[in-house]
Amino acid sequence: MKKNLFASTIILLMACTIANAGRSHAFIIKNSKMINGDAHSSGGQHSLEIRNGKLWAWGNNNGGPLGDGTTTDRHSPVQIGSDANWTSVSAGVSYSSGIKSDGTLWAWGYNPFGQLGTGNTTEQNSPVQIGTDTKWVSVTCSKYFTFALKSDGTLWAWGYNF
């Protein structure tokens, strides 16, 4: 599992580097890092963490990237929903994505360029499932676009097309 997560992260980072080739702007992508079985990710001004399968978030909540159903900033971690089956998270700039143990992909937050993958540009203040597929293994949020990898090795991207 650690080997696959590492390989998935490298593939996603390479894809983001290729997609950004020749551009004058810069950004940092931080994907989930496994630490003692928990996943952590920090975005523009918010952080996400998985503790025993439960999702926690804190920081700036403009646009709803924390996923708690509000746009209220949180200065300490708050639990997001009651599900205990989160396996991976990624925090972008004012939006977030995650994968559950059943392989489903979820996203929430700021969405002016379709970076959530919902097929529209509507902001979401709590996690919404993206499609019905159950084969997602890794997701990386950036500034205004998202990359995700399926178990069959296919790489998917959506959002702002620089």
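Structure data summary
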read-out	value
Which numbered condition Gly43 misses (of (1) under 12 Å from the mean Cα position of the chain (by Cα); (2) modelled with pLDDT of 95 or more; (3) closer than 29 Å to Phe162 by Cα)	(2)
Check on Lys135, touching a residue at least 12 places away in the same chain (Cβ under 8 Å), within 17 Å of Leu66 (Cα to Cα) and among the basic types (Lys, Arg)	no
Subset of the range 37-95 [assigned to a strand (DSSP E or B), open to solvent by 40 Å² or more (accessible area, probe 1.4 Å) and either on the phi > 0 side of the Ramachandran plot or charged (D, E, K, R) (or both)]	Arg51, Lys54, Arg74
Residues of the range 131-162 classified as part of a loop (DSSP other than H, G, I, E, B) and surrounded by fewer than 23 Cβ atoms within 10 Å (Cβ to Cβ), total	14
Among the residues listed as Asn125, Asn120, Asn111, the single one being within 25 Å of Gln45 (Cβ to Cβ) and exposed (fewer than 15 other Cβ atoms within 10 Å of the Cβ)	Asn120
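The values are calculated or read from the model by the stated rules, or taken from the named source; none is laboratory data. Note that the coordinates shown come from a computational prediction; the quantities given were computed from them, not determined experimentally. FYI the Cβ positions are ideal-geometry reconstructions off the backbone, even for glycines, and counts take in every protein chain you see. The area values use the complete protein model at the heavy-atom level, side chains included, leaving out ligands, DNA and RNA. Shrake-Rupley method; radii C 1.70, N 1.55, O 1.52, S 1.80 Å.
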